[in-house]
1. So if I check each of 142, 222, which one is in a helix (DSSP H, G or I), without any contact (Cβ under 8 Å) to a residue 24 or more places away in the chain and buried (at least 20 other Cβ atoms within 10 Å of the Cβ)?
2. Is it the case that some residue within segment 164-182 is closer than 23 Å to residue 19 by Cα and touching a residue at least 60 places away in the same chain (Cβ under 8 Å)?
3. Just to be sure before I move on: is residue 72 under 24 Å from residue 186 (Cβ atoms), in contact (Cβ under 8 Å) with a residue 12 or more places away in the chain, buried (at least 19 other Cβ atoms within 10 Å of the Cβ) and over 17 Å from the mean Cα position of the chain (by Cα) in the structure I sent?
4. Identify, from the list 115, 107, the residue that is crowded, with 18+ Cβ neighbours inside 10 Å, modelled with pLDDT under 95, touching a Cys at 6+ places or on another chain (Cβ under 8 Å) and more than 25 Å from residue 210 (Cβ to Cβ).
5. Listed residues 222, 192, 162; which is closer than 20 Å to residue 27 by Cβ and small (Gly, Ala, Ser)?
6. Being in contact with a helix residue (DSSP H, G or I) (Cβ under 8 Å, 6 or more places away or on another chain) and within 28 Å of residue 102 (Cα to Cα) narrows it down to one of 22, 81, so name that one.
7. Restricting attention to segment 7-28, which residues are under 18 Å from residue 212 (Cβ atoms) and either in a helix (DSSP H, G or I) or acidic (Asp, Glu) (or both)?
8. Mind checking which residues of segment 29-63 are farther than 18 Å from residue 115 by Cβ, part of a helix (DSSP H, G or I), out of contact with any Pro (no Cβ under 9 Å at 6 or more places or on another chain) and not aromatic (Phe, Trp, Tyr)?
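The values are calculated or read from the model by the stated rules, or taken from the named source; none is laboratory data. What you are looking at is a predicted structure, and each value in this text was computed from that prediction instead of being measured. All Cβ positions, glycine included, derive from the backbone under ideal geometry; neighbour counts span all protein chains shown.
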Amino acid sequence: MDFFTNLVPLWVSILFLMVIPIPIFLIGRLAKQGALVLESSKPSPQRVFYAIVVFYFAYLIYVTIACLQGWFTQIGLPPRIMVITAIPLLFFLVAFIFNLSLTKRLLKSVSLSSLIGIHLFRLIGGFFLIMGLFGVVPQIFALSAGIGDLIAALTSIFVASAVSNNKKYAKKLAFIWNTFGLLDILMTSFLAFWFTKASIETGNLGVDVLTEFPFCFIPAFAPATIIFLHLCTYRKLLLYTSK
């Protein structure tokens, strides 16, 4: 079990590995729901679902191999894990996937409430708080990242409900919530960068645990995917009119 980080107990790593597939399947299911109501039967809903799941699992296998090969251990700015994984994924999602005609058609088909409600998976951000409890990341980072994710996740339930029930304030509330969620993930990324810089300069505690397996999945997967989902929500909000 040497490939697991020794900075936290093994049960924390195993629990994290058990929950990290959840957002992948939720995203796949959301796209499948959109494909079910498309006028065209191509591609099939099942094919859309499997394409997303296979892509992300192949990507996480790549991240795992890169991590175990030590590609992320070299300390520098920008962090190598961002250069090798997160930035290319963000570019792929925003510059390519976001502009596909299929993506635009799926966004028209899925409900705004479902697109917002999917952010419940950000409860996984509670692992930042666990890391803080074990003292492997700075407390400020743990609290900011963890509480921000939990707020975004839990409030998504109420925002999605308001949208689903066509409340008069739903569109404005959804816009505010979406902006908060986007700013939160950007702030988390900024703090990770800032604490990495401070660690290099002063030797103080940084966020090195996020470059070790399995927590390397967080910076490699979460920022790019969550930013992409928020951009999709902005696009959907342009199409949404409260009844």
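1. One residue alone meets the criteria, 142.
2. yes
3. yes
4. Answer to the selection: 107.
5. Among 222, 192, 162, only 222 is closer than 20 Å to residue 27 by Cβ and small (Gly, Ala, Ser).
6. 22
7. Hits for segment 7-28 are 10, 11, 12, 13, 14, 15, 16, 17, 18, 19.
8. 46, 47, 54, 58, 61, 63
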